[in-house]
Amino acid sequence: MIDALHEEKLKDLELKANQIRQLIIEMLVEAKSGHSAGPLGMADIFTAFYFHILNHDPKNPAWEDRDRLVLSNGHICPVRYAAMSLSGYFPLEELKTLRKLNTRLQGHPHRSSLPGLETTSGPLGEGISQAIGIALAAKLDNKKYHVYCIASDGEQQEGNTWEAVMFAAKYKINNLTLIIDRNNIQIDGFTEDVMPLEPFREKYEAFNWEVLEVDGNNIQTFVDAIREARAITEKPTVIIAHTIPGKGVDFMENRFEWHGAPPDTSEIKGAPKKGEQAKKALEELKTLQEKIVSEHK
């Protein structure tokens with residue numbers, strides 16, 4: 001059972017999400033490569049998972065009865081690494097090794113390198129199938145853990161995604177909740193320009209899934225949606241989470257150019273000069289941190 005959020009808990013989660021965003025910027029600057037927009041946009045959701053929703057044990061990552069969290073769009077892994085580190089899976093100092101030689105924190109999650117990862121991800125469009133397989137295995141083994149899968153909107157353009165979606169509906173995989181990061185961008189531009197997804201909700205409804213839509217940057221509404229999804233037992237559920245790519249950093253927000261670009265190494269129109277981007281981003285996030293504190297007094 002996932003508890004409803006009270007005011008003090010919500011404040012704590014919002015501050016953690018802001019801290020995770022700051023860690024993402026610092027990690028990317030250190031690595032000099034990686035993705036900015038998606039990780040920043042998903043900080044609220046990963047915070048909600050690791051600090052409120054998931055039934056997990058950072059000290060025992062292979063605990064048999066843990067909930068499973070599958071990350072399909074592995075390129076946003078800096079946000080997962082930051083959340084995992086803050087929740088106790090590994091020391092914060094290790095975040096500085098992102099994308100470096102022999103690191104456990106690879107540019108896409110590698111299951112055998114880092115305890116606490118359920119799958120290895122890289123090629124898009126595979127995570128939903130993997131999560132469905134894990135959820136079906138739980139049913140066959142009479143296990144009570146829940147399976148969550150996070151996927152991007154861009155990978156919904158892949159055909160194998162829809163094969164998996166059909167399979168889950170046929171076998172009523174109700175111990176699975178799919179969360180789609182609907183940020184409307186991909187590496188080549190906006191999704192609706194590259195390969196339109198709309199009408200998006202209706203597609204999943206036509207495939208016999210229960211569909212919920214939420215503001216993915218509002219921790220309260222996201223937790224409420226997860227609680228609602230867990231109460232649906234007759235079919236699989238998808239939460240379409242509308243997020244702002246680059247959330248919290250004004251010059252990155254809603255800019256597809258920041259999909260795969262790290263701060264301080266990228267010349268992007270309308271952004272500060274190289275070498276000044278991380279400083280500006282961290283200043284904005286620290287201001288937001290003060291705002292969160294004042295709003296919850």
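Read-outs throughout are calculated quantities, based only on the coordinates presented, and are distinct from any laboratory measurement. The shown structure was predicted, so the numbers you read here are calculated from the model rather than taken from an experiment. As a convention, Cβ positions derive from the backbone with ideal geometry for all residues, glycine included, and neighbour counts pool all protein chains shown.
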What three numbers, in Å, describe the spread of the alpha carbons of the range 236-276 along their principal axes, ordered from the longest?
46, 17, 13
When the chain is treated as a Gaussian network with springs between alpha carbons less than 10 Å apart, the largest mean-square fluctuation among 206, 48, 164 is found at 206
Kirkwood Rh and Cα Rg combined as Rg over Rh, evaluated for the range 56-106
0.97
DSSP beta bridges in the chain, what fraction antiparallel, as a percent rounded to 5?
10 percent
For the range 1-71 and the range 203-221, write down the distance between their C-alpha centroids in whole Å.
20 Å
Mind pulling up the Rg/Rh value for the range 92-159? Radius of gyration and Kirkwood radius, both on Cα.
1.05
Translational diffusion coefficient (Stokes-Einstein; Kirkwood radius from C-alpha pairs) of the range 1-155 at 4 °C, 1.567 mPa s, in µm²/s:
81 µm²/s
q = 0.17, 0.18, 0.26 Å⁻¹, the range 109-193: log10 I(q)/I(0) [Debye, one scatterer per Cα]:
-0.76, -0.84, -1.32
Percent of beta bridges antiparallel (DSSP, the range 138-231, rounded to nearest 5)
25 percent
Specify whether the C-alpha gyration tensor of the range 7-295 places it in the rounded, prolate or oblate class, a ≥ b ≥ c being the square roots of the eigenvalues: rounded for a/c under 1.5, otherwise prolate if a/b is larger than b/c and oblate if not.
prolate
Dipole in debye (nearest 20) - the range 7-295, about Cα centre, beta carbon charges: Lys, Arg +1; Asp, Glu -1
780 debye
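Can you tell me how the range 171-297 classifies by the Cα gyration tensor, rounded, prolate or oblate, using a/c under 1.5 as the rounded cut? Intermediate results must be reported in sequence, preceding the final value.
Working: a/c = 3.46, a/b = 1.58, b/c = 2.19.
Since a/c reaches 1.5 but b/c is at least a/b, the shape of the range 171-297 is classed as oblate.
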Excluding residues fewer than 8 positions from residue 100 in its own chain, the aspartates and glutamates with Cα under 13 Å of it are 30
Tally the DSSP beta bridges in the range 167-297 and give the antiparallel ones as a percent, rounded to 5.
15 percent
Highest GNM mean-square fluctuation, the chain, Cα pairs closer than 10 Å: which of 137, 82, 43?
137
Determine the relative contact order of the chain: mean sequence separation of Cα pairs under 8 Å and six or more apart, normalised by residue count, in whole percent.
23 percent
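Determine the alpha carbon to alpha carbon distance for each of 32/59; 11/274; 9/96; 59/291; 139/172 and list only those over 22 Å.
32/59; 11/274; 9/96; 59/291, as the Cα separations exceed 22 Å there.
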